[in-house]
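Single-structure report; data block below.
Laboratory data are not the source of any read-out in this text; all were calculated from the coordinates shown. As the structure is a computational prediction, the values presented were derived from the model and not from experiment. Note that each Cβ is placed from the backbone with ideal geometry, even for glycine, and that neighbours are counted across all protein chains shown.
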Amino acid sequence: MASMTGKRTTEVTEAARRQAAPPGPRGFGLTLNGYGCLSRQFPSTPRGARLARRTVVRQLGQWGFGPMSDASCTVALVVAELAANAVCHGRLRGRNFHVRVDYEGPASRFRIEVSDALLGRTPENPVLPPDDQESGRGLFLVECLAARWGWEPRNPIGKTVWAEVTADPPAGAGPGA
């Protein structure tokens, strides 16, 4: 008779567990075809603008773009500038601002949208202010960093300022990653 050591049962159980385990996430939390989306509201305060930037950087990290990567730094700066403008120039008492970041992996592009509740103050063509002026460079920075940017009215109230930033895919996020 064969002795029963339990070793074979353990091997079978581990093999069955490996087969039954669902495959891990592909592309760092992106969809299988390389898309990702973050959509969230924040309070129209300076703290809300900081929280928006931090939330976006954290999400980009989950998508495989480390916090010190060029893509993460560029997107964070664009989000910070657009969120600051929403807080300073688009604030309507009792209304939040909305941030949406879409990553289109096949196009290697981020689309950043920041919506506020005030249509009256629309973005103008960015012009560098005098050197001694402390503010006024935000949209100039966005124009320098983004491939394209613009704004559109938001239904039923407010506006959305958007920017598109190109970025290389995260390392290791190629097909089958």
Please compute the net charge surrounding ALA84, taking Lys and Arg as +1 and Asp and Glu as -1 over other residues with Cβ under 12 Å from its Cβ. +3
Order 158-167, 137-146, 79-88 from most to least packed using the mean count of other Cβ atoms within 10 Å. 79-88, 158-167, 137-146
Considering region 39-89, what Rg and Dmax in Å follow from its alpha-carbon atoms? 10.8, 33
